[in-house]
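The values are calculated or read from the model by the stated rules, or taken from the named source; none is laboratory data. Not measured: the values here are computed from a predicted model. Here the Cβ is made from the backbone with ideal geometry for all residues, glycine too, and neighbour counts use every protein chain on show.
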4 protein chains.
Amino acid sequence: MAQRSADPPKRRAAEIIDAAAEVFDRRGYHGATTQDVANVLGIRQASLYYYFPSKEEALAQICERGVEGHLERALAIARGPEPAREKIAALIGSHLAPMRDRAAYVRVFLKERHHLPDATRRRVGRLARRYERIVQEVLEAGVAAGALRKDLDCRMTALAMIGMCNAATAWYGIEPDADHERIVAAFVRLALDGTLAARTRSTRAHR
Amino acid sequence: MAQRSADPPKRRAAEIIDAAAEVFDRRGYHGATTQDVANVLGIRQASLYYYFPSKEEALAQICERGVEGHLERALAIARGPEPAREKIAALIGSHLAPMRDRAAYVRVFLKERHHLPDATRRRVGRLARRYERIVQEVLEAGVAAGALRKDLDCRMTALAMIGMCNAATAWYGIEPDADHERIVAAFVRLALDGTLAARTRSTRAHR
Amino acid sequence: MAQRSADPPKRRAAEIIDAAAEVFDRRGYHGATTQDVANVLGIRQASLYYYFPSKEEALAQICERGVEGHLERALAIARGPEPAREKIAALIGSHLAPMRDRAAYVRVFLKERHHLPDATRRRVGRLARRYERIVQEVLEAGVAAGALRKDLDCRMTALAMIGMCNAATAWYGIEPDADHERIVAAFVRLALDGTLAARTRSTRAHR
Amino acid sequence: MAQRSADPPKRRAAEIIDAAAEVFDRRGYHGATTQDVANVLGIRQASLYYYFPSKEEALAQICERGVEGHLERALAIARGPEPAREKIAALIGSHLAPMRDRAAYVRVFLKERHHLPDATRRRVGRLARRYERIVQEVLEAGVAAGALRKDLDCRMTALAMIGMCNAATAWYGIEPDADHERIVAAFVRLALDGTLAARTRSTRAHR
DNA sequence: CATGAATGAGCATTCATTCAT
DNA sequence: GATGAATGAATGCTCATTCAT
């Protein structure tokens, strides 16, 4: 008797969106049919519309959950007192964190956000650009503090790091033996130290 | 010489595929209609079928051109006599090279290859895995030769580098001031040296 | 007497039908949804079915009330001893009378009766034809008695008068300054005297 | 060889709209399905969309044709030099004229115009009000010129006459023995002379 | 070469209706 | 009395594809 029937309405709606996220991930937004979603749930297609008003709205909700807290976490890290090296590590960790429990949402956001209705898409675009700038500024601050290479191309590097993390979502959970910790560790190490052995380091600009 | 009416059929067919690549890039394979493609060309929808037999086949051709020579170039680099450091740089350069003149094809390959018919998709998947392994083996050879960090996670690092390059296609040509050389230079530098200043380098495994 | 909880069920049912009449009037039978009706009442769509068994049945009830007493009043007038001129006036008054308190019902009857199930529709059609004949016979009797023009086309004129009244329902209650009395007076006057000034009357067949 | 293939595209489109007008007339706009229209034509439902872009647009085109020239004809009559009596007759004739060859279009306009998209509906509403005013002004001028009754309620009478004509569309072509000329003659006579025999005329306001 | 016409298959969405609670 | 949940049967519309010309 204790705790039960907490939120039956929301519960079911969440299941529906979950199924939609999975299907949109697998087939793409336009390649997926509402019938596909219904099949996953074992209900009739028409029943979906009791829970969400349109396919497009479902996409919007999925994308929203896919980036929920993303910017906020990055901001908190950027504003912290840690040295640049820790911040970079933390940013990579934070970027990949939602993959643990919302992989499909994140992937749908990354691949299908372009199909959001115009207004939403533009808003999302602005958030993405803010996110990029936060990472870039962490790098810039690191350079200024002498913690990072003086000749670092902060803009390109920020985009490279973000891209690296985003691309990982494509094989996250599929690549054998690649658990979360290993991925984060390797990415952080690459981002901080590169691949070269100590003595072979190219201290000047390459080329 | 006399380059008269050399290959008018092929010429036009190439324009058609070009238009399809552009449209598939912008709208996604399933989001794009053959009408969209026809609009770009200023011809009627039905006329497209004079040049390619189906939308799916057009996707296949685009994807093929998107990765044309990719594996071969990587193989040539991997087999070369250069030290690991040069090979890594060359691989990144080679990976991004097609973006200069076939950006839409590359992007369509990356985003839409999943919608290829099963047989083709699996073949492409195998090629991709071979490509990953080539990069990975370059790294492994570099470690063995002492040119790269002993504790390098070659598999993860290979995937990270590839992902970084692939992700770049999303903003390649759009990001202001980011010309080809700058992108390649920054990516190579990150891959080789990371971001840390020399004295702050973490010679042991991070964490 | 004691009108305690006399008819709470009927009361509510009447409100439901009222709302349906309003909505059917505004949107048309097929253009209106049961959700629209529920919205007007502030209840859930499913709750409607507690009161009426189907949308079609609701239409039937509305149409019935829309013509309730219509034929009976016309019959009473036709059978009365008054001269034709009074009967015509009374018929017009009677025709428009229900607009005072059941406008939506009357309008729905006029516009949506065609969508009634076959059996009902045919029965209603028969009533309508009887009504037309009653009016026509009043005119014919008037002609025979010398009260009305000898050359009157009784059939056409009956239909014209009825049509004039029915058409008025479209703007009844909307047309500014057109109160019930004014409408009836104008219609009666037109039906009796036409528009021409006395000396310009065309006593012979026009044209 | 002589004359042929004149306008095959427009010809077919006109047939489609013709069928739609007939079906919308019979079933009402919302009660009619595009399948119904296709059935009348003996083609597949999807083929309709080769000729018109939406059901709503078909309604718009039908309504447009239903009132084509209506206002213009009324204006020409109103501005003419004839006495009021002739103008009234001409207006009634003009109002009913399109029923001869476009009955379904006129009926659909009258019954379904409310379902036009907002912008179109409002534009049509304005035209209707202009039309009413034209008729009303003809009556007012007639009163001023002494041709019509001094106490005529011009507004109500205009609406009554228009309503009478519109209502006739409901049985036009169905009512036995009611050919065009008979209808027009009866309506004109009623509008001019009313129903009363000459000696029984009520020269003062009735009541 | 290219197109106008047409279509089969499918798609998102709507809606009246049911029913257990 | 009333409702939340679900559904069957459309419905308007899209789209890749075909084919005679």
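Filter segment B:166-207 for residues that are under 15 Å from the mean Cα position of the chain (by Cα) and at the interface with chain A (Cβ under 7 Å from one of its Cβ atoms); which is surrounded by the most Cβ atoms within 10 Å (Cβ to Cβ)? Even if it seems obvious, please write down each step before you answer.
As a first pass, look at segment B:166-207 and keep what is under 15 Å from the mean Cα position of the chain (by Cα): B:166-173, B:180, B:183-184, B:187.
Restricting the remaining residues to those that are at the interface with chain A (Cβ under 7 Å from one of its Cβ atoms) gives B:166-168, B:171, B:183, B:187.
Values: B:ASN166: 21, B:ALA167: 23, B:ALA168: 25, B:TRP171: 15, B:ILE183: 22, B:PHE187: 27.
Out of the qualifying residues, it is B:PHE187.
Give segment A:123-165 a look and list any residue that's in contact (Cβ under 8 Å) with a residue 60 or more places away in the chain and at the interface with chain B (Cβ under 7 Å from one of its Cβ atoms), or say none.
If the condition is that a residue be in contact (Cβ under 8 Å) with a residue 60 or more places away in the chain and at the interface with chain B (Cβ under 7 Å from one of its Cβ atoms), then A:ALA147, A:LEU148 are the ones that fit.
Run C:ALA20 past the list (1) away from chain D (no Cβ under 14 Å); (2) in contact (Cβ under 8 Å) with a residue 40 or more places away in the chain; (3) more than 16 Å from DNA strand F (Cβ to nearest atom) and report the number of the one that doesn't hold.
So the condition that C:ALA20 fails would be (3).
Find the residue count for segment C:144-165, including only residues that are surrounded by fewer than 19 Cβ atoms within 10 Å (Cβ to Cβ) and assigned to a helix (DSSP H, G or I).
So in segment C:144-165, the residues surrounded by fewer than 19 Cβ atoms within 10 Å (Cβ to Cβ) come out as C:144-146, C:150-151.
Subset that is assigned to a helix (DSSP H, G or I): C:144.
Residues meeting the conditions: 1.
Mind checking which residues of segment A:23-55 are away from DNA strand F (no atom under 11 Å from the Cβ) and either loosely packed, with under 14 Cβ neighbours inside 10 Å or polar (S, T, N, Q) (or both)? So that I can check it myself, show each step before the final result.
Initially, segment A:23-55 is screened for residues away from DNA strand F (no atom under 11 Å from the Cβ), giving A:23-29, A:31-33, A:36-37, A:39-40, A:52-55.
Across segment A:23-55, the qualifying residues are A:THR33, A:ASN39, A:PRO53, A:SER54.
For D:GLU82, state whether it is more than 15 Å from DNA strand E (Cβ to nearest atom), within 14 Å of another protein chain (Cβ to nearest Cβ) and without any contact (Cβ under 8 Å) to a residue 40 or more places away in the chain. Step through it out loud before you land on a result.
On the way: more than 15 Å from DNA strand E (Cβ to nearest atom): yes; within 14 Å of another protein chain (Cβ to nearest Cβ): yes; without any contact (Cβ under 8 Å) to a residue 40 or more places away in the chain: yes.
Yes.
Residue by residue through segment A:26-35, note down the ones that are within 8 Å of DNA strand E (Cβ to nearest atom) and in contact (Cβ under 8 Å) with a residue 24 or more places away in the chain.
Matches in segment A:26-35: A:HIS30 only.
Could you list all residues from segment C:41-57 that are more than 14 Å from every other protein chain (Cβ to nearest Cβ), in contact with a helix residue (DSSP H, G or I) (Cβ under 8 Å, 6 or more places away or on another chain) and either closer than 23 Å to D:TYR29 by Cα or more than 9 Å from DNA strand E (Cβ to nearest atom) (or both)?
Residues satisfying the conditions are C:LEU41, C:TYR51.
Could you list all residues from segment B:95-124 that are farther than 21 Å from A:GLU112 by Cα and either of a type in the set (Val, Ile, Thr) or out of contact with any Cys (no Cβ under 7 Å at 6 or more places or on another chain) (or both)? Spell out how you get there, then give the answer.
Start the filter on segment B:95-124 by keeping residues that are farther than 21 Å from A:GLU112 by Cα, which leaves B:95-102, B:118-120, B:122-124.
B:ALA97, B:PRO98, B:MET99, B:ARG100, B:ASP101, B:ARG102, B:ASP118, B:ALA119, B:THR120, B:ARG122, B:ARG123, B:VAL124, listed by residue number.
Considering B:GLU22, B:GLU15, which residue is modelled with pLDDT of 95 or more and either closer than 18 Å to B:GLY66 by Cα or not assigned by TED's automatic domain parsing to the domain that holds B:HIS114 (or both)? Outline the logic, then answer.
On the way: B:GLU15 fails: modelled with pLDDT of 95 or more.
When all the criteria are applied, what remains is B:GLU22.
From the list A:ALA60, A:ALA38, which one is away from every other protein chain (no Cβ under 14 Å), more than 8 Å from DNA strand E (Cβ to nearest atom), closer than 26 Å to A:ARG123 by Cα and of a type in the set (A, V, I, L, M)? Break it down into steps so the answer makes sense when it comes.
On the way: A:ALA38 fails: closer than 26 Å to A:ARG123 by Cα.
From the options A:ALA60, A:ALA38, the qualifying one is A:ALA60.
Looking at segment B:7-17, is at least one residue of a type in the set (Gly, Ala, Ser), closer than 19 Å to B:THR120 by Cα and more than 16 Å from DNA strand F (Cβ to nearest atom)?
As a first pass, look at segment B:7-17 and keep what is of a type in the set (Gly, Ala, Ser): B:13-14.
Adding the requirement that they be closer than 19 Å to B:THR120 by Cα leaves none.
Looking through segment B:7-17, none of the residues is of a type in the set (Gly, Ala, Ser), closer than 19 Å to B:THR120 by Cα and more than 16 Å from DNA strand F (Cβ to nearest atom).
Conditions (1) in contact with a Pro (Cβ under 6 Å, 6 or more places away or on another chain); (2) among the β-branched types (Val, Ile, Thr); (3) touching a residue at least 60 places away in the same chain (Cβ under 8 Å); (4) not in a helix (DSSP H, G or I), marked per residue:
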| position | (1), (2), (3), (4) |
| --- | --- |
| B:ARG12 | no, no, no, no |
| B:PHE24 | no, no, yes, no |
| B:VAL37 | no, yes, no, no |
| B:VAL40 | no, yes, no, no |
| B:ALA46 | no, no, no, no |
| B:PHE52 | no, no, no, yes |
| B:GLU57 | no, no, no, no |
| B:GLN61 | no, no, no, no |
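Count, please, the residues in segment C:110-119 that happen to be of a type in the set (A, V, I, L, M, F, W, C) and within 13 Å of chain D (Cβ to nearest Cβ).
Residues in segment C:110-119 being of a type in the set (A, V, I, L, M, F, W, C) and within 13 Å of chain D (Cβ to nearest Cβ): 2 in total.
Within segment C:108-149, how many residues turn out to be basic (Lys, Arg) and within 15 Å of C:LEU192 (Cα to Cα)? If you could, list the steps in order and put the result at the bottom.
Looking only at segment C:108-149, we keep the residues that are basic (Lys, Arg), and these are C:111, C:113, C:121-123, C:126, C:129-130, C:133, C:149.
With within 15 Å of C:LEU192 (Cα to Cα) added as a condition, the list becomes C:149.
Summing the residues that are basic (Lys, Arg) and within 15 Å of C:LEU192 (Cα to Cα) in segment C:108-149 gives 1.
Mind telling me which of the residues D:ALA76, D:ALA89 ends up being in the same structural domain as D:THR169 (by TED's automatic domain parsing), within 18 Å of the chain's Cα centre (by Cα), in a helix (DSSP H, G or I) and free of Cβ contacts under 8 Å to residues at least 12 places away in the same chain?
On the way: D:ALA89 fails: free of Cβ contacts under 8 Å to residues at least 12 places away in the same chain.
The conditions single out D:ALA76.
Is one or more of the residues making up segment C:71-81 under 25 Å from C:LEU190 (Cβ atoms) and surrounded by 20 or more Cβ atoms within 10 Å (Cβ to Cβ)?
The answer is yes, given that some residue of segment C:71-81 is under 25 Å from C:LEU190 (Cβ atoms) and surrounded by 20 or more Cβ atoms within 10 Å (Cβ to Cβ).
Out of B:GLU132, B:GLU112, B:GLU86, B:GLU140, report the one residue that is modelled with pLDDT of 95 or more, within 28 Å of A:VAL184 (Cα to Cα), of a type in the set (Asp, Glu) and in contact with a Phe, Trp or Tyr (Cβ under 8 Å, 6 or more places away or on another chain). So that I can check it myself, show each step before the final result.
Details: B:GLU132 fails: in contact with a Phe, Trp or Tyr (Cβ under 8 Å, 6 or more places away or on another chain); B:GLU86 fails: in contact with a Phe, Trp or Tyr (Cβ under 8 Å, 6 or more places away or on another chain); B:GLU140 fails: in contact with a Phe, Trp or Tyr (Cβ under 8 Å, 6 or more places away or on another chain).
Every option except B:GLU112 fails the conditions.
Report yes if some residue within segment D:99-114 is in contact (Cβ under 8 Å) with a residue 40 or more places away in the chain, over 20 Å from D:ASP18 (Cβ atoms) and part of a helix (DSSP H, G or I); otherwise report no.
no
Taking the stated definitions as given, is B:LEU152 modelled with pLDDT of 95 or more and either outside the structural domain of B:ARG79 (by TED's automatic domain parsing) or over 22 Å from B:LEU110 (Cα atoms) (or both)? Show your work before the answer.
Values: modelled with pLDDT of 95 or more: yes; either outside the structural domain of B:ARG79 (by TED's automatic domain parsing) or over 22 Å from B:LEU110 (Cα atoms) (or both): yes.
Against the criterion (modelled with pLDDT of 95 or more and either outside the structural domain of B:ARG79 (by TED's automatic domain parsing) or over 22 Å from B:LEU110 (Cα atoms) (or both)), B:LEU152 qualifies.
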